[in-house]
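Asks: Structure below; questions to follow.
The values are calculated or read from the model by the stated rules, or taken from the named source; none is laboratory data. These figures come from a predicted structure and were not determined experimentally. Cβ placement follows ideal geometry from the backbone for every residue including glycine, while neighbour counts extend to all protein chains displayed. When the accessible area is computed, the model is the full protein with side chains, heavy atoms only, and any ligands, DNA or RNA have been set aside. Shrake-Rupley method; radii C 1.70, N 1.55, O 1.52, S 1.80 Å.
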Amino acid sequence: MTEPRFEPRDPAFAQRVRSSFALQGAMATIGATLAEVEPGRVVIELPWASGLTQQHGFLHAGMVATALDSACGYAGSTLMAADAGVLTIEFKINLLAPAQGVRFRMVGEVLKPGRTITVAEGKAYAIGEDGAHKLVATMNATLMQQTLVPVPKTY
């Protein structure tokens, strides 16, 4: 089966996604970086850090979900219009194995883009010291496109 190829509606989608990602305080807080941006596909990388772990030293499931959510959301955003924003309206995560590694790779891919609703899939990989990748989580995300309206900061 061949991978679907999507045509972005915004020719400047990659720069728009990179600029938006740079504004995300949550991603900066956990040390995540945007590694790849393609039409319908985004990769976020995250180093292991003790402040992101649970009691056994594994990357906390909440951190995995947070980064996967952003990977799926930005994958959807790559196919949206220049003036569109993306919001996750639902996701389901399957935690398949302890997230144990020196770094993590979160891959978000669009399964079905739509005018208003987009469905994406995410896969989280733990990367060991030897460079081996292990699938530790999957996500199915439903995303909603909305017109961006600036929100003034009042705090």
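Asks: Residue 15 is checked against (1) open to solvent by less than 70 Å² (accessible area, probe 1.4 Å); (2) part of a helix (DSSP H, G or I) and fails just one. What number does that condition carry?
Replies: Residue 15 satisfies all of (1) open to solvent by less than 70 Å² (accessible area, probe 1.4 Å); (2) part of a helix (DSSP H, G or I) except (1).
Asks: Could you tell me which numbered condition residue 20 fails, if it satisfies all but one of (1) surrounded by fewer than 18 Cβ atoms within 10 Å (Cβ to Cβ); (2) closer than 24 Å to residue 94 by Cα?
Replies: Condition (2) is where residue 20 drops out.
Asks: If you don't mind, another one. Only one of these conditions is not met by residue 9: (1) assigned to a strand (DSSP E or B); (2) over 14 Å from the mean Cα position of the chain (by Cα); (3) among the charged types (D, E, K, R). Which number is it?
Replies: (1) is the only condition that residue 9 fails.
Asks: Only one of (1) in a strand (DSSP E or B); (2) under 20 Å from residue 114 (Cβ atoms); (3) open to solvent by 50 Å² or more (accessible area, probe 1.4 Å) fails for residue 82. Which number is that?
Replies: Just one mismatch for residue 82, condition (1).
Asks: Another one. Can you list residue pairs whose Cβ atoms sit under 6 Å apart, with the first residue in the range 53-71 being aromatic (Phe, Trp, Tyr) and the second being in a loop (DSSP other than H, G, I, E, B)? Count only pairs 6 or more apart in sequence or on different chains.
Replies: These pairs meet every condition: 58/98; 58/99; 58/100.
Asks: Quick check: anything in the range 87-99 of a type in the set (Gly, Ala, Ser) and either at positive phi or assigned to a helix (DSSP H, G or I) (or both)? Steps first, answer last, please.
Replies: Going residue by residue through the range 87-99, those that are of a type in the set (Gly, Ala, Ser) are 97, 99.
Next, from what is left, pick out any that are either at positive phi or assigned to a helix (DSSP H, G or I) (or both): none.
No: zero hits.
Asks: Between residues in the range 128-147 that are within 11 Å of residue 89 (Cα to Cα) and outside any strand (DSSP E or B) and residues that are among the acidic types (Asp, Glu) and open to solvent by 60 Å² or more (accessible area, probe 1.4 Å), which pairs lie under 7 Å by C-beta distance while being six or more apart or on different chains?
Replies: none
Asks: Within the range 28-42, track down each residue that is buried (at least 20 other Cβ atoms within 10 Å of the Cβ) and either farther than 16 Å from residue 86 by Cα or modelled with pLDDT under 95 (or both).
Replies: 30, 32, 34 - these are the residues of the range 28-42 that are buried (at least 20 other Cβ atoms within 10 Å of the Cβ) and either farther than 16 Å from residue 86 by Cα or modelled with pLDDT under 95 (or both).
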